[in-house]
Amino acid sequence: MTTSPVAAVPGMTDAALVLCLVLLLVSPLSVAGVALINAGLGRSRSAAQALLGNLAIIAVSAIVFAVAGASLTGFAGGTGLAFHVAGKPWNWVGGSPLLLGGLAGTPLQSQLGLLFAFVALSLVTLIPWGSGADRLRLHAGAAIAAVMALLVFPLLAHWVWGGGWLGQLGVNFSLGAGFLDPAGAGTIHLMGGLSALTVIWVAGPRRGKFPKEGFATAMPGHNAAYILFGCMVTLVGWLAFNLAGAMLWVHASLAALPVTAINTLLLASGSLCATYTVTRIRFGKPDASLCANGWLTGLVASSACAAVVTPGVALTVGVIAGICTPLLVEFLELAVTIDDPSGAIAVHAGGGLLGLLTAGLFAPQPGQLVAQMVGIGAIVGLMLPLLYVLFRALDRFVPFRVEPDGERIGMDLHELGGGAYPEFVIHRDESYR
Amino acid sequence: MKYAGLLVMPAGFFLSIAALVLFPDAAPRAAFVFCGLAVEALGLVVAVRGHMEPRGEDR
């Protein structure tokens, strides 16, 4: 094992750096939108806990990442630890100082890359929180975020964005431009979806969700207005994040940015229209929360491919995403008994996979599809078992699941002592008969 | 079952990585990377089945 310099990236002009900074300052709207959607898809008696949890998770993950995680992430042009196999360097972890030491002396482009990682981290840690809604303790949510910010996300972010082995697949093995994931379809969304799956496995389903007999109990979200307004907020944040990612990681020129933005919008629009049509055909009327899931799936897929495909391909992939999303949500709930209130596995893991494969198929460089498959293999084959072991161990020290009484009276009263809507009468839940 | 599936998944990943090192040609490399992903998918299916909630008389 040796310490080796990480390959530097092409420099950006001053105008591009300023634009990238502005985009990154707008991009947390994507986090706000996801938080609103998560809160709306949960129950009314857990809404305050869900939103406070979102804030707590962002805060805890930012602190842990700044203290230690960022040093493992490193940055392009910095140093990293590498081992050599078959004469090729495999840079697997960053080697920057703790507590963001020496950050002020690094180039502005590297600092923007780190800011990008902070926004990405906020998003990836919110995804499992939404899936554990109505039964995951606040402490557990914060602990999960801390573990992800300390180890799992920094490692993957280094591999993809910090000059690690996945990003260097093109240089070392002639596989396209290396693993192509400019706005985190794999690093944020596939990883977030898999962490959501792991949290659901560890915490179990909500009480009454899968009764002894009959189908799964429908537990619809409590506020469609939150969900749909959250979708509009995510669009603004996603546009900014996709453009910033394209500038930082695929070195897109200013002239290429409008097409990337249009592709992002087309992916989301095609996906929403397809989900609207599918739910209209299946249920007789369009389903608001599934349409929101479809919209979000299109945005997630755009994270990988918006910068590399044509508008026609973007629209087609959006339609495919929109058709698959409601079917996958239904399959996961009814056939596989996964209780995922926010639909994170279908939206984030499914959309992330689709976006990564699309980027592999339509990127101009030869070998790109194999690079994408290696990246997907690393996230699914290595990160999922790692997350499972970490979360199982964490559950022993910080129990994920609230007591049955907490679930019955609601997370707001149980954990916070007051509800989000104190003037509402909390009605009896029919699923507890 | 659930743990067996989770153990199989890293095996699929290492198969993909081995393909990068062992096969310089594009076609066999792509085939073995695909096989690695298939092994991972198999492990995931086993893990998911192991975590399914018991239904009806099995409960």
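The values are calculated or read from the model by the stated rules, or taken from the named source; none is laboratory data. Please read all numbers here as calculations on a predicted model, not as lab measurements. Every residue, glycine as well, gets a Cβ built from its backbone with ideal geometry; the counts of neighbours run over all protein chains shown.
A few notes on this one:
- Taken together, the criteria place A:F83 among residues that are assigned to a strand (DSSP E or B) and either at pLDDT 95 or above or over 19 Å from A:A117 (Cβ atoms) (or both).
- Residue within the range A:117-130 that is touching a residue at least 12 places away in the same chain (Cβ under 8 Å), away from chain B (no Cβ under 14 Å) and out of contact with any helix residue (DSSP H, G or I) (no Cβ under 7 Å at 6 or more places or on another chain) present: no
- Top-ranked residue in the range A:391-408 [being surrounded by 15 or more Cβ atoms within 10 Å (Cβ to Cβ) and among the hydrophobic types (A, V, I, L, M, F, W, C); ranked as farthest from the other protein chains (Cβ to nearest Cβ)]: A:V398
- When the range A:62-90 is limited to residues that are within 14 Å of another protein chain (Cβ to nearest Cβ) and in contact (Cβ under 8 Å) with a residue 60 or more places away in the chain, the one that is surrounded by the fewest Cβ atoms within 10 Å (Cβ to Cβ) turns out to be A:H84.
- Any hit, the range B:21-38, residues being of a type in the set (A, V, I, L, M) and under 30 Å from A:E333 (Cβ atoms): yes
- Any hit, the range B:15-29, residues being surrounded by 14 or more Cβ atoms within 10 Å (Cβ to Cβ), at the interface with another protein chain (Cβ under 8 Å from one of its Cβ atoms) and touching a Lys or Arg at 6+ places or on another chain (Cβ under 7 Å): yes
- Candidates in the range A:160-219 are the residues that are of a type in the set (S, T, N, Q) and either away from chain B (no Cβ under 14 Å) or not in a loop (DSSP other than H, G, I, E, B) (or both); of these, the one that is nearest to A:V336 (Cα to Cα) is A:T198.
- Unmet requirement for A:Q109, which otherwise passes all of (1) farther than 17 Å from A:V60 by Cα; (2) surrounded by fewer than 20 Cβ atoms within 10 Å (Cβ to Cβ): (2)
- Looking only at residues of the range A:334-346 that are within 13 Å of chain B (Cβ to nearest Cβ) and buried (at least 21 other Cβ atoms within 10 Å of the Cβ), we find that the one that is nearest to A:V300 (Cα to Cα) is A:I345.
- All positions within the range B:1-14 that are of a type in the set (A, V, I, L, M) and either facing chain A (nearest Cβ under 8 Å) or without any contact (Cβ under 8 Å) to a residue 40 or more places away in the chain (or both): B:L6, B:L7, B:V8, B:M9, B:A11
- Given (1) more than 10 Å from every other protein chain (Cβ to nearest Cβ); (2) over 15 Å from the mean Cα position of the chain (by Cα), index of the condition B:H51 fails: (1)
- Residue count for the range A:217-256 under the criterion of being over 15 Å from A:S27 (Cα atoms) and either within 17 Å of the chain's Cα centre (by Cα) or aliphatic (A, V, I, L, M) (or both): the result is 11.
- Among the residues of the range A:354-390, the ones that are in contact (Cβ under 8 Å) with a residue 24 or more places away in the chain, more than 10 Å from every other protein chain (Cβ to nearest Cβ), in a helix (DSSP H, G or I) and surrounded by fewer than 23 Cβ atoms within 10 Å (Cβ to Cβ) come to 2 in all.
- Failed item, numbered, when B:M52 is tested on (1) of a type outside the set (K, R); (2) in a helix (DSSP H, G or I); (3) in contact with a Ser or Thr (Cβ under 9 Å, 6 or more places away or on another chain): (2)
- Residue within the range B:40-49 that is loosely packed, with under 14 Cβ neighbours inside 10 Å, touching a residue at least 40 places away in the same chain (Cβ under 8 Å) and within 30 Å of A:F215 (Cα to Cα) present: yes
- Flag if B:A41 is facing chain A (nearest Cβ under 9 Å), aliphatic (A, V, I, L, M) and in contact with a Cys (Cβ under 9 Å, 6 or more places away or on another chain): no
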